[in-house]
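The structure appears right after this line, and notes come after that.
The values are calculated or read from the model by the stated rules, or taken from the named source; none is laboratory data. Predicted model, so just to flag it, every value in this text is computed and none were measured. Glycine also receives a Cβ, built like all others from the backbone with ideal geometry; neighbour counts cover every protein chain displayed. SASA here: full protein model, heavy atoms, side chains in, ligands and nucleic acids out. Shrake-Rupley method; radii C 1.70, N 1.55, O 1.52, S 1.80 Å.
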Amino acid sequence: MPDAPVVVVASLNVDLTAVAARIPGVGETIIGSAFATSRGGKGGNQAVSLARLGVPTVPIACVGDDDAGQAYRDALAEEGMPTVHVRTVTGEPTGTALITVSDAGENNIVVVPGANARLTAADADAAAGTLAAARVVLGQLEVPVAATARAFAIGRRSGAITVLNPAPAGPDIAALLRDTDVLVPNEVEFAQLVGCDGSDDAALRRACASLFAHGIRWMVVTLGERGLALVGPDSLTRMPALPVQAVDTTAAGDSFVAGLVSVLAERGDLERETLLRACERGTRVAARTVQRRGAQPSLPWAAELEDDLSASPTERVVLQR
């Protein structure tokens, strides 16, 4: 079984992206300016981003028995990732995402899970040796919760840090939260989880307290142009977003998570300074990502980020220790 610092319980999608001046309203038809087909899926994006950052990564995933599935498997191998835990599901299509991107860089996305919906706890069990050797196990909510929950439980028993990007936000994840060390929602997902948009410090701390009660150790709430909030049981730190001109935000959150996880895998601890540095790296990786179109085509390589990753930390606004 392959060993790597990071294991990603991954959704793998084919992205069909249309670019238009703006996002159309309900019942509206508008003329687009560009179209592209590429590989995506939140888990796939995060795995590829980690690999490009130089972090050995193993995905646990499902693809369909179609040309898209074989092409995705080949692409993961070309990125340097073993595919022994990528299962081909007979009779199912590979997952698909329909994406509209505006000229301002905003997007909306409809995901059709396909083979992703067939990932099970048994797939995590089959990868138990790989999970036990990992420093970080990363998951999202584009695959069945049972598969991610089993992977987190196996990894945690061997001392791995578990990171959950709860996207898209959904019900019935309490059991998964109990095995989650770091929760990384965006502002929409955070509001869906706890009914708070993250703008008010006192409300943010109260909302996070309910999640810490589940056993979560750190919250990283990404707030778009408002930066992010890193929240622990005894601290709240805000970091600003980097000032860049975004052309497509499709994989911004995924690349942020990958940058954050790369530091956790490197340091192997959950100290506050490690989380601060992880957030800083995630911010820099995401800032590079949004300056190009597409999901995986926009993800930067480590060589592109050498100046960014060695730069002085972004401004930290410490509200309470």
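Once the C-beta distance of residue 169 and residue 28 is scaled by a Förster radius of 25 Å, the resulting FRET efficiency is 0.45 to the nearest 0.05.
Entry note, the range 96-238: relative contact order of 15 percent, from Cα contacts under 8 Å with a spacing of 6+ residues. Among the protein heavy atoms, those of residue 301 account for about 120 Å² of accessible surface (1.4 Å probe, every chain in place). Considering only 199, 211, 229, and ranking their Cα positions along the charge dipole of the range 150-278 that arises from unit charges at the beta-carbon of Lys, Arg, Asp and Glu, the one farthest toward the positive end is 211. Across the range 89-103, rounded Karplus estimates of 3J(HN,Hα) from the backbone phi angles (6.51 cos²θ - 1.76 cosθ + 1.60, θ = phi - 60°) give 9, 5, x, 10, x, 5, x, 9, 10, 9, 10, 10, 10, 8, 4 Hz, Gly and Pro being marked x. Of all the options 55, 112, 182, the one that moves most in a Gaussian network model of the chain with Cα springs shorter than 10 angstrom is 112. Computed about its Cα centre, the charge dipole of the chain is approximately 660 debye, with only Lys, Arg, Asp and Glu carrying charge at their Cβ. The HN-Hα couplings worked out from phi for the range 268-273 by the Karplus form 6.51 cos²θ - 1.76 cosθ + 1.60 (θ = phi - 60°) are x, 9, 10, 5, 4, 5 Hz, whole numbers, x standing for Gly and Pro.
Please say if the range 135-180 is rounded, prolate or oblate, where rounded means a/c under 1.5 for a ≥ b ≥ c the square roots of the C-alpha gyration tensor eigenvalues, and otherwise the choice is prolate for a/b larger than b/c and oblate otherwise? Cα axes put the range 135-180 in the prolate bin. Entry note, the chain: relative contact order of 18 percent, from Cα contacts under 8 Å with a spacing of 6+ residues.
Based on the alpha-carbon gyration tensor of the range 108-212 and its eigenvalue square roots a ≥ b ≥ c, which shape applies: rounded if a/c is under 1.5, prolate if not and a/b is larger than b/c, or oblate? The shape class here is oblate.
Every helix of 4 or more DSSP H residues in the chain counts as -39500 (n - 2.57), and over all residues that averages to -10000 deg cm²/dmol at 222 nm.
Rg and Dmax over the alpha-carbon atoms of the chain stand at 18.3, 54 Å.
Classify the range 191-232 as rounded, prolate or oblate, taking a ≥ b ≥ c as the square roots of the eigenvalues of its Cα gyration tensor: rounded when a/c is under 1.5, otherwise prolate if a/b is larger than b/c and oblate if not. Taking the square roots of the gyration eigenvalues as a ≥ b ≥ c, the range 191-232 is prolate. Taking amide H positions as modeled 1.01 Å from N, with prolines and chain starts lacking one, no residue 5 or more places away or on another chain lies under 5 Å from residue 81. The mean sequence separation of alpha-carbon pairs under 8 Å and at least six residues apart, normalised by the residue count of the range 1-151, gives a relative contact order of 33 percent. Amide H contacts of residue 15 (H built 1.01 Å from N, in plane; Pro and chain starts excluded): 38, 39, 40, 97 sit under 5 Å, all sequence-distant by 5 or more or on other chains. 3J(HN,Hα) couplings calculated from phi for the range 212-224 with the Karplus curve 6.51 cos²θ - 1.76 cosθ + 1.60 (θ = phi - 60°) are, in sequence order, 4, 4, 6, x, 5, 9, 9, 10, 10, 9, 7, 10, x Hz; Gly and Pro show x. Under 5 Å from the amide H of residue 60 lie the amide H atoms of 8, 9, 10, each residue being 5 or more positions distant or on a separate chain, with H modelled from the backbone and absent for Pro and chain starts.
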